[in-house]
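Q: Just passing along the structure, written as structure tokens.
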Amino acid sequence: MPIETTPVLSGPRTAGPAPEADIVAVPFGPGRTPPAVPGTELPVPVDALLAQYEAKGEPGEVVEATALREGGLRRVLLYGVGDGSPGALRRAGAAVARRARRRASLSVVVPTKEDFGQGFEGGAEGATASLVEGALLASYSFSIGDGRPGKPVREIVFVGGDERELRRGEALARATALARDLVNTPASVKTPAWLADQAKEVAAGAGLDVRVWAEPELGEFGGIRAVGQGSVNPPRLVQLSYTPENPRAHVVLAGKGITFDSGGLSLKPTEGMKTMKTDMAGGAAVIAAMSALADFEVPVRVTGLVACAENSISGSAQRPGDVIRQYGGRTVEVLNTDAEGRLVLADALAYADAELDPDVVIDVATLTGAAKIALGPTIAALYSTDEALAAGLAGAGEATGERLWRMPLVDDYRAMLDSEVADLANVDRAMSGSAGSILAALFLREFAGGRPWAHLDIAGPARAGSDEGEITRGGTGFGVRLLLRYLAA
């Protein structure tokens, strides 16, 4: 896995940082002097140094100095932690990890309330997890070959803190990194069969039950078959199952697994196609979240469904105007073959309703460019038929930094999906181009069976164009942390 950095908890910080550490990172907050660290003595007073750089202690802010140590010199990073909230500490961890690239070891002193007072949100619970999460996710990289610039620091030793929180932060980071790996893998490798095989490997490692449908077993799954019929790489449907002792409820997670999206015969422009290896980010989030359920002792039964297909062009590809029969029998007129994600998800949702009897259904998909236009590149659209479910997901998003914004399910718009020849159309029959994200959600709602259901349209935050905080360029793994938070709670 491309997170090569190893986290270590060294114990009470009174013992000082790891003697062999090339770099030591010490926290400071607004108006607060950094705590003294044994074995690390700066040649100038800390207050004077911070004043010289007009440092304010904001999260992500780093002031670098050189200190004397036995046998030589050591780099010291004074890192801002802001109010000590989880978001601030993730950002702080990311900043120091990036400063330590290409180094063998970094010692990070964990901040506490004793350092910063009662207004500081950090402490034994949460501080270490957030720092670890930010540091490890910022250390993520993905490259085919040896030409990776700025290899991450090899080891990060967290001085102080709570070991349980260390392991929690590491588990969150590694699950997110798994999703990033899946998303960043080129489509020349990432066929539907390959993605199904990765899910099998995850299941074997995480103690999950797994089932994979391939042809001819996909006969009833008309949406998945129709989207995949134009490709030489046949489609798959993956089911992962986690069952704890005495589960409180049953949640189904359904992920869009389009391993490459050309748009089909409704062809995308070249620029729009360049990132389409990432169109299975929803499926990646489901697989990765399933991988960590046991680590977080999730008390509910969880079934993960990933509908895998490659939306390609050939003489056998589905055509605009075709009518397909989804799982369960409902017919759909396909007016736009580039609105394919909702077709494969509709099969998964209808199957979940008919066969799995879940208490809650959540689907995750890079579904519409309209959601990205509406909310930008860092916030996902949330649609839901259930207030408690929507509130739980939104709260999990705020806690993890994977923000959601509740969008309306406008019932008046449902008539725009009426078809003259089928039960419904997959896009607005008038091709008006308006309310695209809402219409996609309304389409999916038709297949959720009236159960408590939520749809996360992650088209914006699933990919990043640059490094920022714990986010790295490429696939972000968006949704993994918020799903784990929601399910564990």
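The values are calculated or read from the model by the stated rules, or taken from the named source; none is laboratory data. Just so it is clear, the model here is predicted, and its values are computed rather than measured. As a convention, Cβ positions derive from the backbone with ideal geometry for all residues, glycine included, and neighbour counts pool all protein chains shown. Side chains are part of the model used for accessible areas, which takes the heavy atoms of the whole protein and leaves out ligands, DNA and RNA. Shrake-Rupley method; radii C 1.70, N 1.55, O 1.52, S 1.80 Å.
Q: When you scan region 228-243, how many residues do you find that are in a loop (DSSP other than H, G, I, E, B) and open to solvent by 10 Å² or more (accessible area, probe 1.4 Å)?
A: 6
Q: Do we find that Leu335 is open to solvent by 10 Å² or more (accessible area, probe 1.4 Å), modelled with pLDDT of 95 or more and not aromatic (Phe, Trp, Tyr) in this structure?
A: yes
Q: Hey, another quick one. Which numbered condition trips up Ser434, out of (1) within 25 Å of Pro320 (Cβ to Cβ); (2) open to solvent by less than 10 Å² (accessible area, probe 1.4 Å)?
A: Here Ser434 clears every test but (2).
Q: Out of Ala104, Ala67, which single residue is farther than 24 Å from Glu398 by Cβ, touching a Lys or Arg at 6+ places or on another chain (Cβ under 8 Å) and modelled with pLDDT of 90 or more?
A: The match here is Ala104.
Q: For Arg225, indicate whether it is assigned to a helix (DSSP H, G or I) and either free of Cβ contacts under 8 Å to residues at least 12 places away in the same chain or open to solvent by 40 Å² or more (accessible area, probe 1.4 Å) (or both).
A: yes
Q: Take the residues in region 158-183 that are open to solvent by less than 10 Å² (accessible area, probe 1.4 Å) and in contact with a strand residue (DSSP E or B) (Cβ under 6 Å, 6 or more places away or on another chain), then tell me which one is modelled with the lowest pLDDT.
A: Once the filter is applied, the top-ranked residue is Val159.
Q: Continuing with this model, one more query. Being loosely packed, with under 12 Cβ neighbours inside 10 Å and touching a residue at least 40 places away in the same chain (Cβ under 8 Å) is the filter here; which residues of region 200-219 pass it?
A: Gly205, Gly207
Q: Which of the numbered conditions does Gly11 fail, given that it passes all the others? Conditions: (1) at pLDDT 80 or above; (2) within 35 Å of the chain's Cα centre (by Cα); (3) open to solvent by less than 70 Å² (accessible area, probe 1.4 Å).
A: Only one criterion is unmet by Gly11, namely (1).
Q: Are any of the residues in region 82-103 over 22 Å from Glu468 (Cβ atoms) and small (Gly, Ala, Ser)?
A: Among the residues of region 82-103, not one is over 22 Å from Glu468 (Cβ atoms) and small (Gly, Ala, Ser), which makes the answer no.
Q: Ala441: closer than 14 Å to Arg342 by Cβ, within 27 Å of the chain's Cα centre (by Cα) and part of a loop (DSSP other than H, G, I, E, B), yes or no?
A: no
Q: Under the condition of being over 18 Å from Gly93 (Cβ atoms) and acidic (Asp, Glu), which residue from region 45-62 is most open to solvent (accessible area, probe 1.4 Å)?
A: Glu54
Q: Return the total of residues in region 263-301 being closer than 22 Å to Pro320 by Cα, in contact with a helix residue (DSSP H, G or I) (Cβ under 9 Å, 6 or more places away or on another chain) and surrounded by fewer than 24 Cβ atoms within 10 Å (Cβ to Cβ).
A: Number satisfying all stated conditions: 4.
Q: What about Gly477, is it farther than 20 Å from Gly341 by Cβ and open to solvent by less than 30 Å² (accessible area, probe 1.4 Å)?
A: Considered against the rule, which asks whether it is farther than 20 Å from Gly341 by Cβ and open to solvent by less than 30 Å² (accessible area, probe 1.4 Å), Gly477 comes out as no.
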